[in-house]
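Each remark here refers to the structure printed beneath this line.
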Amino acid sequence: MNSIRKAPTLAALGLGMLVLASIGGCVNRAAQEQSKKTEALVRDTTVPVRTAKATARDLPEIVDVSGAITTSEEAAVGPAVPGRLIAVYVKDGDQVSPGQAIAQQETQNSSAQLRQAQAQVASARSALDQARTDAVTTPQKTSAGLRAAEARLAQARSQLEKAQRGARDEERSQAEWAVRRSKSDLDTAKAALDRANRLFGEGAIALVEVEAAQNRYDNALTAYESALQSQMLVNNATRPEDLASARQEVRAAEEAVRIARADRSNDQLARDRVRSAQANLDAALQSVTLAQKALSDATVRSPFGGRVSGRPLQPGTYVAPGAVIATIVGGDGQYFEANVAETSIRRIEPGASVDVSLTALPDVRLTGSVIAINPQASGPGRLFTVRIGFTERLAQVKSGMFARGKILAGVRRGAVVVPIDAVVRDGERAYLFVVADGAAVRRDVKLGIEGEGVVEANGVRLGEDVVVSGQTGLTEGTKVRIETGAPATGQKGA
């Protein structure tokens, strides 16, 4: 049995050789397959990349600023007008509030000036009322006077024309008929009187009848003589002196019309008097305002809240503008005075919210808002000063501490953003790649506001696939293959 184990049979040797040959054939085929795969990978120029979609997002516009914490400066409070102090209401160390009365000056002169100015206002207002009334009535009077003068002129011209024409034919006929009628009446009365006298002489009638006939004759004679006088007046209607008088009346009426028309200039004068009276009233009102201010300025007030530092002046002291009655040191009014570059100042508006951090107090975060913007830039860097007031007050915050702030200048609505990892910077320029039809397309972009891991990219359309990993070595038109899954940390551009 041992010899059998040590010396294999011919059949066993043949079987072993067959197995070895089979094993050798399998190894060759696997190598060939691997070689083919390797060759395919070498020949394939498609670059694997990872992408993300360009999306729309509302981004806060933040302006970074820096500066120092500042407190209100002390103020030397003095009088605006000269005068003697009659009262001082504070002493060293007193707490004062904004606008609180600190001292009082005598007010006799300013009170008298105010009363005088008020009296001038009353007088000027009365003059203005009268001027306005005249401005209304004067045109009415001048118009009425002109109409009356024109009417008198028309009448005088009519009288002159009548005098120049003389009596009308109808008037002459009427006068002639009146003479004839009165002559007939006279003849009838004469015949009746003669008959009465004859009958009386014969004793046929009484004396009273003769007297009646005589009376009728006298009346008829008077009427006849009156008719004759009237006929003479009609025939000689226009005397030279009457004609001259009529012409004089016309000239007088024409002069009256000329004067009435000239009086129209009084209308403009009346309006001018209104403007002058209004100006006088405005000046008087201004005098009242100045007198009231002088009276108000006699009360010296604190410009802000704080404490009185040092001993104030005493009552009885005569003070002039520039003198110091009391010194006020601000207790509140702590604010952040930040410097803003001229390229960013236009984006900041009063009221904008601000987050503030302090270098000396890293754990302290303050909130506030922009309360004032200095319109004048200063320094070679053209920096504008922005005053930021705080919402809260912290005792550990001291004047002079260095601070940084983030001012919310607004919100950019619907900004197209891409991951920051997608952006490739080349100096001041920036670009990225998007995938279109399986190829890389380079896009030069203008970067805007940065957010949390994203940046606004002008030049990219919403929804485009942006390469965020594997862009190193990409050029325009490079074939790419989008891989799924998040890129490994630190593998940007790998």
Query raised in the report: Which of (1) on the phi < 0 side of the Ramachandran plot; (2) in contact with a Pro (Cβ under 9 Å, 6 or more places away or on another chain) does Gly99 not meet, given it meets every other one?
Result: (1)
Query raised in the report: Which of the residues that make up region 387-433 are in contact with a helix residue (DSSP H, G or I) (Cβ under 9 Å, 6 or more places away or on another chain) and crowded, with 17+ Cβ neighbours inside 10 Å?
Result: Ile407, Ala409, Leu432, Phe433
Report task. Identify all residues within region 386-443 that are among the aliphatic types (A, V, I, L, M) and not in a strand (DSSP E or B); write none if there are none. Result -> Leu394, Ala395, Val397, Met401, Ile420, Ala422, Val423
Query raised in the report: What residue, of Ser357, Ser296, Ser287, Ser378, is under 30 Å from Ile86 (Cα atoms), of a type in the set (Gly, Ala, Ser) and free of Cβ contacts under 8 Å to residues at least 60 places away in the same chain?
Result: Ser296
Report task. Could you pull out the residue among Arg251, Arg261 that is surrounded by fewer than 15 Cβ atoms within 10 Å (Cβ to Cβ), in contact with a Leu (Cβ under 7 Å, 6 or more places away or on another chain) and not assigned by TED's automatic domain parsing to the domain that holds Lys91? Result -> Arg261
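Each row is one residue, and each column tells you yes or no for (1) over 30 Å from Thr317 (Cβ atoms); (2) in contact (Cβ under 8 Å) with a residue 60 or more places away in the chain; (3) surrounded by 18 or more Cβ atoms within 10 Å (Cβ to Cβ).
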| residue | (1), (2), (3) |
| --- | --- |
| Ala119 | yes, no, no |
| Ser126 | yes, no, no |
| Thr142 | yes, yes, yes |
| Arg157 | yes, yes, no |
Report summary line: The residue from Val455, Val424, Val445, Val418 that alone is under 12 Å from Thr51 (Cβ atoms) and either under 44 Å from the mean Cα position of the chain (by Cα) or at pLDDT below 95 (or both) is Val418
Query - Breaking point among (1) assigned to a strand (DSSP E or B); (2) surrounded by 16 or more Cβ atoms within 10 Å (Cβ to Cβ), for Ala372 - result: (2)
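The values are calculated or read from the model by the stated rules, or taken from the named source; none is laboratory data. Source: prediction; values computed, not measured. Don't worry about glycine lacking a Cβ; one is built from the backbone with ideal geometry, like all the others, and counts go over all protein chains shown.
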